[in-house]
Amino acid sequence: MVITVYFDMDGVLAKWRNAKVKKTHKRKFFLRSKLQMNVRDAIALLGEDERFIINGLSHAYTDAHSAKNKHIWVQRKNVVFNKLIIVPYGKNKADYAAKKGVKVLVDDNSKVLRAWCEKGPEYIGIKFYNGINGNNGTWTGPNISHEMTAEEMTRTIIKIIDDAVSERKAA
């Protein structure tokens, strides 16, 4: 069975900055983002497990620089993805996921996660609590936190996936 794990960038892999929308459009905004190192390290650990394909899945503006800057940032920060998929803002990330197998999204945005999970039982959402989000209690599903070590994140993500796959087999 193919299991693809997708990681969001803004607010998960790249530390979220509470910036006004206008500022996020600036040419070098994303390039200046700081790396959430424990997430990068968890991605590397998950990549060692042959069961998983690890991809980035990030929204970006449809301008001349945003998608390009995200690709540059990933390379500069030594993040090892099978591939980085850029989704235009406003589009459902699930529409850009693999067609076959189990698809897991680690994201900080509950609305995005709910849209992901609504696609079907093979879509698993994992909320990333980054210290800024999660104040309204709208996500009640599986989660990880920026306070976890890379090893704790990895173990938790694998357990969530294993439990979800076991549930699907039993159904």
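The values are calculated or read from the model by the stated rules, or taken from the named source; none is laboratory data. Source: prediction; values computed, not measured. Neighbour counts are summed over all protein chains in view; Cβ atoms, including those assigned to glycine, are modelled from backbone coordinates with ideal geometry.
For the reader, a short list of remarks on this structure follows.
- Count of the range 130-167 residues which are of a type in the set (Ser, Thr, Tyr) and touching a strand residue (DSSP E or B) at 6+ places or on another chain (Cβ under 7 Å): 2
- Within the range 116-130, the only residue that satisfies the criterion of being closer than 16 Å to residue 101 by Cβ, among the hydrophobic types (A, V, I, L, M, F, W, C) and in contact (Cβ under 8 Å) with a residue 40 or more places away in the chain is 124.
- Given (1) in a helix (DSSP H, G or I); (2) in contact with a strand residue (DSSP E or B) (Cβ under 6 Å, 6 or more places away or on another chain); (3) surrounded by fewer than 20 Cβ atoms within 10 Å (Cβ to Cβ), index of the condition residue 23 fails: (2)
- Filter result (surrounded by 14 or more Cβ atoms within 10 Å (Cβ to Cβ) and part of a loop (DSSP other than H, G, I, E, B)) within the range 68-79: 77, 79
- Contacts under 9 angstrom Cβ, first residue in the range 145-159 being within 19 Å of residue 134 (Cα to Cα), partner modelled with pLDDT under 95 and of a type in the set (D, E, K, R), 6 or more apart: 146/15
- Search result, residues across the range 32-43 that are part of a helix (DSSP H, G or I) and surrounded by 15 or more Cβ atoms within 10 Å (Cβ to Cβ): 38, 39, 40, 41, 42, 43
- Checked against the criterion of being polar (S, T, N, Q), under 15 Å from residue 6 (Cα atoms), in contact with a strand residue (DSSP E or B) (Cβ under 9 Å, 6 or more places away or on another chain) and touching a residue at least 12 places away in the same chain (Cβ under 8 Å), the candidates 66, 58, 33 yield just one match: 58.
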